[in-house]
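See structure below.
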Amino acid sequence: MSAPSDAQRMEKIVSLCKRRGFIFQSSEIYGGLNGLWDYGPLGVELKRNLKDYWWRVMVHERDDVVGLDGSILTHPAVLKASGHVEGFSDPMIDCRTCKAHLRLDQLVEKKGIKQCPSCGGKDLTEARQFNLMFETHVGAAADESSIAYLRPETAQSIFVQFKNVLEVSRKKLPFGIAQIGKAFRNEINPRNFTFRSREFEQMELEYFCRPEQGMELLEYWKEERLKFYENIGISRANLHVRNVPDEERAFYSKGTYDIEYDFPFGRHELEGVAYRTDYDLSQHQKASGKSLEYFDEETKEKLIPHVVEPSAGVDRTLLALICEGYAEDQAPNDKGEMETRTVLRFHPRIAPIKCAIFPLLKNKEPLVVKAKEIVQLLRPHMTVFYDESGAIGRRYRRQDEIGTPFGVTVDFETLGEKDAALRDTVTLRDRDSMKQERVAIKDLVETLTPRIRGFISI
Ligand code: ATP
């Protein structure tokens with residue numbers, strides 16, 4: 001069997017996501033709303049595991065980072081000061097032939113003439129600026145005075161609350177404020193599944209420091225973030241660091257790295273790590289008239305801290321995890337014949353379900369009772385799934401396809417019917433190697449937990 005092309009691979013991934021309940025199109029029964037997605041029962045678990053792990057590594061395991069959960073609706077003054085009201089726009093072009101709305105950078109150029117990528121049309125409008133922010137009104141009056149925006153990034157509430165957080169946390173530079181939350185951008189062309197959406201989640205850290213520490217911390221955070229992706233199972237070979245050149249960088253940034261991933265549809269940004277100098281705090285200090293300075297007790301100096309920002313997308317990372325994990329290989333069916341199996345090779349730490357539990361036969365009461373006891377034993381420690389229907393091979397296959405790393409089967413040996421020494425032991429099957437080992441039920445928790453947390457490789 002030849003390997004599927006990247007386009008076929010992506011099609012299979014999208015179809016698996018829907019079929020198994022990772023990702024659905026938003027408002028699907030009404031024809032869908034472009035650029036918006038709903039996460040199904042497995043998608044929501046995967047997303048929570050990703051966000052929880054980010055929070056653990058970026059906040060709980062550090063002394064120098066605290067969290068924030070800011071509001072989504074944002075005062076227009078905040079986004080004026082940050083530059084979003086004036087400048088958060090993409091140049092947009094319409095094709096008069098096929099009526100496509102396009103971003104300027106999507107046009108294709110043939111023999112020096114710009115063309116529509118959909119129909120090849122050359123009758124294009126002039127570029128006009130299109131602001132990507134969603135606007136709404138707060139309160140009853142729908143006029144200029146009541147405008148608010150849905151935040152286009154989570155970062156701004158961190159800058160605006162900088163002084164409050166500093167006072168209550170009593171942190172010394174360098175220290176960071178982390179946030180995970182929704183952001184909204186009215187993207188001109190949402191595409192590549194969830195990669196470019198109009199509503200998405202970000203995981204952002206604003207790490208405040210003294211000016212002379214900025215460049216060094218930029219390197220530090222780039223490395224930390226690469227480690228993070230490796231720890232959730234993304235191979236280093238598929239990650240790339242792009243040193244964003246001067247002409248593409250925001251004017252206030254002294255250095256920016258894009259961490260990119262090889263998606264089946266090309267190499268694209270997962271996260272930006274940017275040294276933003278003191279631009280954001282200075283802007284908000286100027287616009288609000290409130291001091292956002294930091295008093296350094298050692299040097300008795302007042303300064304506006306500089307900031308390094310690792311800003312990652314939850315949805316893009318989740319898509320990368322699915323693309324990275326997706327594989328087709330050969331496995332024996334119940335008759336011992338080899339067939340193609342689809343498997344999501346998630347790292348156990350982020351897999352939506354950690355362990356599936358199967359009684360060999362559903363009509364043998366003692367097997368079912370034992371299997372349900374194991375469900376209760378494991379449930380306080382991990383997400384589990386009980387399945388008694390169908391041939392055992394089919395049940396394994398269903399779990400492989402959603403990335404469940406471990407399967408426990410209760411068989412007649414568990415009941416001690418064949419060999420008394422095997423009483424109260426089960427087979428523990430590993431998703432990737434498909435190897436089976438015999439484990440005592442009482443040892444299951446201590447066997448599985450280190451493998452899930454990643455302390456022991458299997
Ligand atoms: P792009 O160039 O792809 O539009 P960006 O450079 O504008 O992205 P940032 O403003 O740096 O993105 O946002 C930080 C992160 O938020 C991105 O690296 C990405 O993971 C995520 N993100 C940004 N826009 C979207 C979107 N429309 N859909 C999904 N995730 C997004």
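Details
- Candidate set: the stretch 163-194, residues that are part of a loop (DSSP other than H, G, I, E, B) and closer than 28 Å to LEU217 by Cα; chosen: the one nearest to the ligand (Cβ to nearest atom): PRO174
- Unmet criterion (only one of (1) farther than 29 Å from LEU217 by Cα; (2) of a type outside the set (A, V, I, L, M, F, W, C); (3) assigned by TED's automatic domain parsing to the domain that holds PHE162) for HIS306: (1)
- Some residue of the stretch 324-338 being under 30 Å from PHE22 (Cα atoms), modelled with pLDDT of 95 or more, in contact with a Gly (Cβ under 7 Å, 6 or more places away or on another chain) and buried (at least 21 other Cβ atoms within 10 Å of the Cβ): yes
- Residue pairs whose Cβ atoms lie under 6 Å apart, separated by 6 or more positions or on different chains, with the first residue in the stretch 330-341 and more than 13 Å from GLU401 (Cα to Cα) and the second part of a loop (DSSP other than H, G, I, E, B), are ASP334/ALA391; GLU339/ASN333.
- Checking GLN202 against (1) surrounded by fewer than 21 Cβ atoms within 10 Å (Cβ to Cβ); (2) at pLDDT 95 or above; (3) within 16 Å of the ligand (Cβ to nearest atom), the condition it does not meet: (1)
- Selected residue (criterion: surrounded by the most Cβ atoms within 10 Å (Cβ to Cβ)) from residues of the stretch 1-34 that are of a type in the set (Gly, Ala, Ser) and in contact with a strand residue (DSSP E or B) (Cβ under 7 Å, 6 or more places away or on another chain): SER26
- Meets criteria (under 22 Å from the mean Cα position of the chain (by Cα) and within 12 Å of the ligand (Cβ to nearest atom)) for ARG225: yes
- Segments classed as strands (runs of 3 or more DSSP E), wholly inside the stretch 1-105, with at least 3 members that are within 20 Å of the chain's Cα centre (by Cα): 23-25, 37-39
- Out of GLU109, GLU212, GLU126, GLU153, one residue alone is acidic (Asp, Glu) and within 23 Å of ALA77 (Cα to Cα). It is GLU153.
- Qualifying residue in the stretch 207-222 (condition: under 26 Å from PRO348 (Cβ atoms), assigned by TED's automatic domain parsing to the domain that holds LYS47 and surrounded by 14 or more Cβ atoms within 10 Å (Cβ to Cβ)): no
- Selection of the stretch 231-253 for residues being surrounded by 13 or more Cβ atoms within 10 Å (Cβ to Cβ) and closer than 30 Å to ARG451 by Cα yields ASN231, ILE232, GLY233, ILE234, ASN238, LEU239, HIS240, VAL241.
- Taken over the stretch 1-38, the residue count meeting the criterion of being within 23 Å of PHE346 (Cα to Cα) and either touching a residue at least 24 places away in the same chain (Cβ under 8 Å) or of a type in the set (Gly, Ala, Ser) (or both) is 18.
- Scanning the stretch 270-304 for residues that are among the aromatic types (Phe, Trp, Tyr) and part of a helix (DSSP H, G or I) yields a single hit, TYR279.
Table: residues versus (1) of a type in the set (S, T, N, Q); (2) surrounded by 13 or more Cβ atoms within 10 Å (Cβ to Cβ); (3) assigned by TED's automatic domain parsing to the domain that holds TYR39.
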{"residue": "CYS95", "(1), (2), (3)": "no, yes, no"}
{"residue": "ASP105", "(1), (2), (3)": "no, no, no"}
{"residue": "VAL108", "(1), (2), (3)": "no, no, no"}
{"residue": "PHE159", "(1), (2), (3)": "no, yes, yes"}
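- Long-range neighbours under 7 Å by Cβ, at least six apart or interchain, first residue of a type in the set (D, E, K, R) within the stretch 304-316, second at pLDDT 95 or above and not in a strand (DSSP E or B): GLU309/ALA155; GLU309/ARG276; ASP315/THR194; ASP315/SER197; ARG316/PHE195
- Members of the stretch 263-320 that are more than 9 Å from the ligand (Cβ to nearest atom) and polar (S, T, N, Q): THR277, SER282, GLN283, GLN285, SER288, SER291, THR299
- Considered as a group, the residues in the stretch 134-159 that are part of a helix (DSSP H, G or I) and touching an Asp or Glu at 6+ places or on another chain (Cβ under 9 Å) include one that is nearest to the ligand (Cβ to nearest atom), and that residue is ALA155.
The values are calculated or read from the model by the stated rules, or taken from the named source; none is laboratory data. In this text, all values refer to a predicted model and were calculated from it rather than measured experimentally. All Cβ positions, even for glycine, are placed from backbone atoms using ideal geometry, and neighbour counts span all protein chains on display.
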